[in-house]
Structures are given as C-alpha cells and as structure tokens.
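Report on the following structure.
Please treat every number below as a calculation from the coordinates, not as lab data. This is a predicted model, so every value here is computed, not measured. Positions of Cβ are generated from backbone atoms using ideal geometry, with glycine treated the same way; all protein chains shown enter the neighbour counts.
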Amino acid sequence: MKTIEEMNQTNTTLINSSGARKRRDFDPRVFLATIGEGRRLLTFRAGKRIFTQGDPSDAVFYLKNGKVKLTVVSNNGKEATIGILDQGNFFGEGSLAGQPLRMGFASAFSDSTVLRIEKKTMMQVLHRERGLSEMFVTHLLARNIRYEADLIDQLFNSSEKRLARVLLLLANFGKEGQKQKVIPRISQETLAEMVGASRSRVNEFLNKFRRLGFIKYNGELEVHSSLLNVVLHD
C-alpha cells in the first residue's frame, strides 16, 4: 500500500505530465486555422471593408488566404495605401498595444478569408503559448523591417525606383518559394498611392518597363526578374 507521500508524488507527476502534454499539443497553425472561443472565420469579397478608420480596436486578424489592403485617410480626405498583405500575415495588432480606435482601413484586395481573434483571447494565448508568441514576434519584427525599408525608399529613391520595388514586392520577389510572376489586377491609382507619385507618372513608368521587357501589362501585371535592374541601378 502506498504512503501518502508516494501518492502525492504520483499525483504531481500526473499533473506535470498532463500539463506538459497540453503544451506540446498546442499547434499555432491549428489555432489560426480553426474557429473556437473568441475566434471567428470571416470571408470578404474583393473591395469589401474589413474594418474602418475610427472603429473600436478590439480584435486582431489573421489572413488565411487572399490579399488585404491597408490604407489611411487624412483629415482633408487624401488616401494613402500603406501596404498590401499576403496570406499568413496578422493585421490590426495595434489593439494589443492599447490602441482604442483603428488608425486606418483594412479591405479585401482580392477575395479573402480572415480569422478574427478577439483581443482578450489573443492576449491570453500569447501569454500561455510560446509557439504562438514566437510566431507573432517574428511577424512584428518582419513588419517593422518592412516599414523601415519603405521609409528609406520614400526618402532616398526616385519614384521610378519606388514603383519597381513595389511591383517586385507584390510579386513576392525575395521570398523563397513564394514568387508569383502575375500580380492580380491593381489600379494605377492604388500603385500611385503606394509609390507617392501621380497616376500619370506611374502610367509613364509602367509603359517604360513594358517597352524594356521588364513587365507585361494588360490589365494584369506579369513581373520579370529583370525589373530588379531598376532597383539596383544607381
């Protein structure tokens, strides 16, 4: 017959084993692919608004598939495109930093499926599960690096070089295994917002890139690796 001390030791072992098993069983990819408490799967047709500037900032979103466009609008109505996100990205994460209202708009650039995760749920899981925390921190660091590169691009590069860089980014050049030569339909107005140039200048550069064989442009954009010459050339 076991002593009380031996029984307590057995119970402690079972509890520790159960806890360890629970931690090992958590897979952030499964968490982000399924619905559950505080998580809803939403679908949006291209052009539909996901959230609006000034809305309560009460959730984080994870883009399962499709593309999402992030924009901001100034007080005088001028709109700027901050970026276009691919699947596998988080957005709306400002809610976790105490941001009470949305600082911009998010809309589906193409037909998209997103997971809406309530702020409370996301905070709890980030504190509890290291796997998701590491994944989320990696995302934040990559986003910060991208914003720094965008700022440097705006400050030091010509509008022609900025357009070439935007097209290469949209085609996922530089991302191993994710390169796509054809970019879904994107208006020259949107490209102009992203580049910080007029639509007429963007049209001029697109025609130049097409003449040089860097792109094929007929509604859809097919980007060739030779476009890198514009970015790399001083």
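Mean sequence separation of contacting Cα pairs (under 8 Å, at least six apart), scaled by the length of the range 157-232, corresponds to a relative contact order of 38 percent.
What the Cα convex hull of the range 56-175 gives, in volume per residue, is 127 Å³.
Rounded to the nearest 20 debye, the dipole magnitude of the chain is 500 debye, with +1 charges on Lys and Arg beta carbons, -1 on Asp and Glu beta carbons, and the Cα centre as origin.
Over all other residues within a Cβ to Cβ distance under 15 Å of Lys48, the charged ones net out to +3, with Lys and Arg as +1 and Asp and Glu as -1.
Projecting the Cα positions of Ile183, Phe31, Asn218 onto the charge dipole of the chain (unit charges on Cβ atoms of Lys, Arg, Asp and Glu, taken about the Cα centre) puts Asn218 furthest along the positive direction.
Restriction of the trypsin sites (Lys or Arg not before Pro) in the range 182-234 to DSSP coil positions whose beta-carbon has at most 15 other beta-carbons within 10 angstrom yields Arg185. The ranking of Met122, Met103, Met194 from fewest to most other beta carbons within 10 Å of each one's beta carbon is Met103, Met122, Met194.
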